[in-house]
1. Can you compute the equivalent ellipsoid semi-axes for the chain, i.e. the square root of 5 times each eigenvalue of the Cα gyration tensor, sorted largest first and rounded to whole Å?
2. Counting other beta carbons within 10 Å of each Cβ, put 87, 44, 26 in order, fewest first.
3. Once R0 is set to 35 Å, what does the formula 1/(1 + (r/R0)^6) return for the Cβ-Cβ distance between residue 84 and residue 64, expressed as a FRET efficiency to the nearest 0.05?
4. Normalized C-alpha radius of gyration of segment 31-78, against 2.2 N^0.38 Å?
5. Can you give the calculated 222 nm mean residue ellipticity of the chain, where each DSSP H run of n ≥ 4 adds -39,500 (n - 2.57) and the sum is split over every residue, rounded to the nearest 500 deg cm²/dmol?
6. Taking the beta-carbon count within 10 Å as an exposure proxy, list 42, 78 from fewest neighbours to most.
7. If we count other beta carbons within 10 Å of each Cβ, what is the order of 2, 11, fewest first?
């Protein structure tokens with residue numbers, strides 16, 4: 001189960017990596033760069049053991065949006081080395 005502190009830590013790390021603001025990632029805009037960062041954050045929170053419902057609540061989204069985001073990133077990471085490297089970098093920062 002994720003706690004609020006860990007959610008915020010992951011969000012802040014993703015925001016810093018993608019050079020965005022919290023409003024960009026938590027907001028409703030659909031700019032590609034913002035959507036990717038949002039989906040990466042959701043993916044990492046899911047890997048941390050968060051439920052789709054809990055992650056959705058944190059982002060003010062439906063659980064089905066989280067489900068889509070997690071599966072989208074899982075597919076993209078298989079073929080996108082830049083995204084894979086970004087996830088490795090973010091994960092390394094979270095482990096420090």
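1. Details: eigenvalues 59, 46, 40 Å².
Listed largest to smallest, the semi-axes of the chain are 17, 15, 14 Å.
2. Values: 87 20, 44 23, 26 17.
Least crowded to most crowded, the residues run 26, 87, 44.
3. Approximately 0.85, to the nearest 0.05.
4. 1.01
5. For the chain, the value works out to -25000 deg cm²/dmol.
6. Details: 42 29, 78 10.
The fewest-first ordering by Cβ neighbours comes to 78, 42.
7. Ordered by Cβ neighbours within 10 Å, fewest first: 2, 11.
The numbers here are math on the coordinates, done by the rules we state, and not lab data. The shown structure was predicted, so the numbers you read here are calculated from the model rather than taken from an experiment. No Cβ is skipped: glycine too gets one built from the backbone with ideal geometry, and neighbour counts run over all protein chains shown.
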